Structure formats: structure tokens, C-alpha cells
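The values are calculated or read from the model by the stated rules, or taken from the named source; none is laboratory data. In this text, all values refer to a predicted model and were calculated from it rather than measured experimentally. Cβ: placed from backbone, ideal geometry, glycine included. Neighbour counts: every protein chain shown.
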């Protein structure tokens, strides 16, 4: 049931098919995982999946939802066994080892939502009118005389699923070292994705490469926390200076 999508084609467009300028993960959180124990009693659980950005394939989200739901009438002897099955099968389809954690709801402390780190740029007074992807919104956006370390975020990001046309919403986090980026330009650029059709993972890699190209930071992280659909949220993390993302949970998640 799992359907893979090659990352290569989109990365060819970005000019990074041969060597990735970042590392990272696609973090999936499943909130509606269920199966039957050996007595036939349903088990309710949550799962976390860490798929490396270096994998040759990403997993199409609808297929992942249907795949996970297929366990709802299957007897699995333990959550450890299910975890092993999920890791093996998703790793096989994606082409890279995917780390999976499964926890029954009765045995875990649920995460409280947190505020994203850094400064929110959504309160700027900039007038916006471009809603089709436009990287030129970043042109002239940096002040080379002002070198800075900064973490910013915006809740106004929207793109669209290229398979279904359904809207996808996210909070975008950007951490960087280098010339100061004008917040108005950055917000206008992020809002320009509003009618853009691309997978979550591809959007984040596109944002990373555009900021690198136009703003030339010495170090950059782009981390998107998407809202869930079908009990699953996908949170791509790409960085050239940070190794391991924190899987925190925002208010809309």
C-alpha cells in the first residue's frame, strides 16, 4: 500500500541531485495508530517516524495513512513487534533506514503544545499581493553590513498537495547566521507559496535553497511543522549546521 516518490526529480530542479547541501529528517507523527492485541482487543497508540532526508524516496502521505490504518484489524503480539514491522517495511520502500517509535496511549505522557522558538514575523505591516511562488521576493533582502544570528518563524505558510489539491498549512522556522534578512521580504516570499503545489518535503528544500541563493547565510536551518491530515503530520527539517531536530508540538498540531 505504500507508494514511494523519488526525491531526485525535484532535486534536479534545485540543482542538488548529486550532493545535498544539507542534512535532516522528515519527522512524521501518527496520532491514530491502532491494532489488535493477541486477545483481539484494540490498542490505541501514537508513533513517531524519522525518515532521513538522504533517502532516495519519500513516502506519499495518503498511502502512509492507508497503510497504517490497515493494521486496525490485524493481531500483533506487541508494540515492539509492530514497531519492527513498520521500520522494516517503510525503510524498504524509502530506501533508507527509518527509525520508528510506537507508544500506547495508556503508557505515555502526552506532549503539551509549545510556542515556536524565535521571533514571529507575521505582524509586519508589509502589503502582500503575490500568491504564486516567487523567489524574487527575496531579492535585495539582506543587509551585508549587519551580520546576525537569528531565529524567525511564521504561521502564514500555505501550499497545496500536488496529488489532491488540498491545502497544507505550516509554521515555518528559519534559523541562520549571516547577513540580516529583511522580515518583510521573507514574509512576502513565504506567502508566495499560497497557490504553489508541492509536497511538504520539497517545499522545505526549495525554501532552504532559495534563502541560500538570495540571502547567502553562513549557516541555515529550515524546519516546517505542518498541521495534520488523516491523523498524520509531516515535519521536514533541513540544516547545514544543526544535526538533530526536536520533535516538539505546536498549538495547531
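Selection of region 14-35 for residues being over 19 Å from the mean Cα position of the chain (by Cα), assigned to a loop (DSSP other than H, G, I, E, B) and in contact (Cβ under 8 Å) with a residue 12 or more places away in the chain yields only 15. The requirement of being in contact with a helix residue (DSSP H, G or I) (Cβ under 6 Å, 6 or more places away or on another chain) and either surrounded by fewer than 19 Cβ atoms within 10 Å (Cβ to Cβ) or closer than 21 Å to residue 65 by Cα (or both) is satisfied by residue 226. Restricting attention to region 46-62, the residues that are assigned to a strand (DSSP E or B) and either surrounded by 22 or more Cβ atoms within 10 Å (Cβ to Cβ) or out of contact with any strand residue (DSSP E or B) (no Cβ under 8 Å at 6 or more places or on another chain) (or both) total 4. Taking region 72-183 as the region of interest, the strands (runs of 3 or more DSSP E) fully inside it that hold 1 or more residues being at positive phi and surrounded by 18 or more Cβ atoms within 10 Å (Cβ to Cβ) are 167-181.
Scanning region 75-100 for residues being at pLDDT 95 or above and in contact with a strand residue (DSSP E or B) (Cβ under 6 Å, 6 or more places away or on another chain) gives a total of 13.
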